[in-house]
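S.K.: Input: one structure, supplied below.
The values are calculated or read from the model by the stated rules, or taken from the named source; none is laboratory data. For clarity, every value in this text was computed on a predicted model and none was experimentally measured. Cβ atoms come from the backbone with ideal geometry, glycine included; neighbour counts cover every protein chain shown.
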Amino acid sequence: MNMRFDLLTIFPEIFSSYLKESIIKRAVEDGKLKIVVHDIRKFSKDRHHKVDAPPYGGGPGMVMTPQPVYDCIKHVKKYNKGPVIYLSPGGTMLTRVKAEKLFKDCRKKGLVLLCGRYEGIDRRVIDMMVDEEISIGKYVLTGGELPAMVVLDAVCRYIPGVLGHESSTEEESFSRALKGKKEYPHYTRPEVFKGEKVPEVLLSGHHANIKKWREQHLE
Ligand code: 21W
């Protein structure tokens, strides 16, 4: 299986460092994930490759013009049949349930993530091309790139094998049931750190007791 994500942005470099590290990189190398970043500016038909203009009606800041966004989405739709999601402060909030649903609904078709900058994108192209608007929380950011990365990260955790520690044992199905929901406290070496000891039961090797302790310490 290979889930495809297309990211549309005027700042493609923002994604490079994150995508070339760790779990995401591994998933791409293993062919479980395909990520294509598109520079919206390259689609601008403006003489100076402009992608923004002042808002009609006045007000602060600039607005992304519809033409480059429209042409970029048209291009991407040839390769990605999934929904176009606009990362927007006014969208519906991303939750664990939403991330899992996006994975289930889009694992085959893929996902197109559209990132806005400035005050946002001309409403006409959103109404024409966007299927859904998603926000990642009630705080103000400078653009949709970090939110797109959050959606990508949250969704691709559901691709089988991406987390790398899948197993069919009962132990793992217990931790799977908790995954993304509740967490028990984690400890690792050393056994004593600045006088603080690791809970004795975790060193006991007694799996039933460890399971019980972890169930009692969910937060
Ligand atoms: C933030 C753009 C606020 C515009 C009227 C005129 C995407 C985001 C973003 C941004 C405004 C997400 C105003 C959580 C976020 C995003 C950039 C509105 C005030 N009103 N999730 N001017 N938070 N943010 N500016 O910021 O693009 S998903």
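S.K.: Give the residue that is nearest to Lys78 (Cα to Cα), with candidates limited to residues of the stretch 112-126 that are within 8 Å of the ligand (Cβ to nearest atom) and in a loop (DSSP other than H, G, I, E, B).
M.R.: My answer is Gly116.
S.K.: Among the residues of the stretch 64-86, write down those that are among the β-branched types (Val, Ile, Thr) and either part of a loop (DSSP other than H, G, I, E, B) or touching a helix residue (DSSP H, G or I) at 6+ places or on another chain (Cβ under 9 Å) (or both).
M.R.: Matches in the stretch 64-86: Thr65, Val69, Ile73, Val84, Ile85.
S.K.: Determine whether the stretch 152-161 contains at least one residue that is within 30 Å of Asp6 (Cα to Cα), surrounded by fewer than 16 Cβ atoms within 10 Å (Cβ to Cβ) and modelled with pLDDT of 95 or more.
M.R.: Yes.
S.K.: Quick check on the stretch 127-161: of everything there that is within 12 Å of the ligand (Cβ to nearest atom) and assigned to a helix (DSSP H, G or I), which residue is nearest to Val28 (Cα to Cα)?
M.R.: Of everything passing the filter in the stretch 127-161, Met149 is nearest to Val28 (Cα to Cα).
S.K.: Shifting gears a bit: Just give me the residues in the stretch 55-75 being free of Cβ contacts under 8 Å to residues at least 40 places away in the same chain and of a type in the set (Phe, Trp, Tyr), in sequence order.
M.R.: Tyr56 - this is the single residue of the stretch 55-75 that is free of Cβ contacts under 8 Å to residues at least 40 places away in the same chain and of a type in the set (Phe, Trp, Tyr).
S.K.: Hey, among the residues in the stretch 14-54 that are touching a residue at least 60 places away in the same chain (Cβ under 8 Å), within 16 Å of the ligand (Cβ to nearest atom) and part of a helix (DSSP H, G or I), which one's surrounded by the most Cβ atoms within 10 Å (Cβ to Cβ)?
M.R.: For the stretch 14-54, the residue satisfying everything is Phe15.
S.K.: Okay, moving on. I'd like the residue in the stretch 87-111 that is farther than 12 Å from Met3 by Cβ and part of a strand (DSSP E or B) and, out of all such residues, is farthest from the ligand (Cβ to nearest atom).
M.R.: Thr92
S.K.: Kindly list, by first and then second residue, each pair from a residue in the stretch 189-202 that is outside any loop (DSSP other than H, G, I, E, B) to a residue that is among the hydrophobic types (A, V, I, L, M, F, W, C), limited to pairs with Cβ atoms under 8 Å and residues at least 6 apart or on different chains.
M.R.: Here the result reads Val192/Val198; Val201/Ile210; Val201/Trp213; Leu202/Ile210; Leu202/Trp213, each pair linking the stretch 189-202 to a residue that is among the hydrophobic types (A, V, I, L, M, F, W, C).
S.K.: Taking the conditions exactly as written (surrounded by fewer than 20 Cβ atoms within 10 Å (Cβ to Cβ), of a type outside the set (Gly, Ala, Ser) and in contact (Cβ under 8 Å) with a residue 24 or more places away in the chain), does Glu145 satisfy them or not?
M.R.: no
S.K.: Count, please, the residues in the stretch 55-86 that happen to be surrounded by 14 or more Cβ atoms within 10 Å (Cβ to Cβ), within 14 Å of the ligand (Cβ to nearest atom) and over 18 Å from the mean Cα position of the chain (by Cα).
M.R.: Residues meeting the conditions: 5.
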